[in-house]
Amino acid sequence: MLEVEAKFAVPDPGEVRARLNRQEVRMTRRQREHDVYYNAPHRDFGKTDEALRVRYDDTGVTATYKGPKVRVGSAKAREEFNLAVASGETLEEILSRLGFRRAATVSKTREFYEMGDVTVTLDDVEGLGTFVEIEILTEDDKEDAADRIGEIAKGLGVDGPPIYTSYLEMLLSKR
């Protein structure tokens, strides 16, 4: 499965919420997420553009591997694998004993809006600010997904340049 998304800085999330409401798109949930990122002992994920994450949120714990990013128009796409985990603490201990090292943590509050197969999130990220992400999961039609994301961004009045770096990369660049 490919995750195709575009991210934009949003100085006033209230404007985006208002546009979503005018389109009769309602928030489906709000949740707190705490992501712990790991780097591998045998290669540097920062250099290979991969990510290994343990996410703690209101629904439980998920381990995620993300492959390298690929630019698709004004969006980015990357392969993503998710696995529900019974105990995040146990998984983190296993990773540590295998030589994986904590790279950083990212904490945020997300508001989720569903538009058919499109997910729009308003993210308040600790240490970075507020962003909107527009995401479509697809098996192979990444160009069509990127075009649709661009149309949705325009409809939401998001006019800044898309941000291709992850929250992790943004936080690490501030160190």
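Within the span defined as region 109-121, every residue fails to be small (Gly, Ala, Ser) and touching a Phe, Trp or Tyr at 6+ places or on another chain (Cβ under 9 Å). Just one residue in the set 164, 113 is within 29 Å of residue 36 (Cβ to Cβ), open to solvent by less than 30 Å² (accessible area, probe 1.4 Å) and among the hydroxyl-bearing types (Ser, Thr, Tyr); that residue is 113. Count, please, the residues in region 163-172 that happen to be among the aromatic types (Phe, Trp, Tyr) and either modelled with pLDDT under 90 or in a loop (DSSP other than H, G, I, E, B) (or both). Looking only at that region, the number is 1. Taken over region 4-30, the criterion of being of a type in the set (A, V, I, L, M, F, W, C) and over 21 Å from residue 75 (Cβ atoms) is satisfied by 18, 27. Does residue 129 satisfy being out of contact with any Gly (no Cβ under 7 Å at 6 or more places or on another chain), in contact (Cβ under 8 Å) with a residue 40 or more places away in the chain, closer than 26 Å to residue 160 by Cα and not basic (Lys, Arg)? Yes; evaluated as a whole, the condition is true for this residue.
For region 139-162, the criterion of being among the small types (Gly, Ala, Ser), in contact with a helix residue (DSSP H, G or I) (Cβ under 9 Å, 6 or more places away or on another chain), closer than 24 Å to residue 14 by Cα and at pLDDT 95 or above is met by none of the residues. Of the residues contained in region 54-66, none is found to be among the aromatic types (Phe, Trp, Tyr), closer than 17 Å to residue 165 by Cβ and at pLDDT 95 or above. Scanning region 78-126 for residues that are out of contact with any Ser or Thr (no Cβ under 8 Å at 6 or more places or on another chain) and aliphatic (A, V, I, L, M) returns 86, 91, 94, 95, 98, 103, 104, 106, 115, 118, 120.
Kindly check whether there is at least one residue in region 138-161 that is within 13 Å of the chain's Cα centre (by Cα) and either open to solvent by 40 Å² or more (accessible area, probe 1.4 Å) or farther than 28 Å from residue 24 by Cβ (or both). There is no residue in region 138-161 that is within 13 Å of the chain's Cα centre (by Cα) and either open to solvent by 40 Å² or more (accessible area, probe 1.4 Å) or farther than 28 Å from residue 24 by Cβ (or both).
The values are calculated or read from the model by the stated rules, or taken from the named source; none is laboratory data. Treat the numbers as computed from the prediction; the structure is a model and nothing was measured. FYI the Cβ positions are ideal-geometry reconstructions off the backbone, even for glycines, and counts take in every protein chain you see. Note: accessible area is taken over every heavy atom of the protein model, side chains too, but ligands, DNA and RNA are not part of it. Shrake-Rupley method; radii C 1.70, N 1.55, O 1.52, S 1.80 Å.
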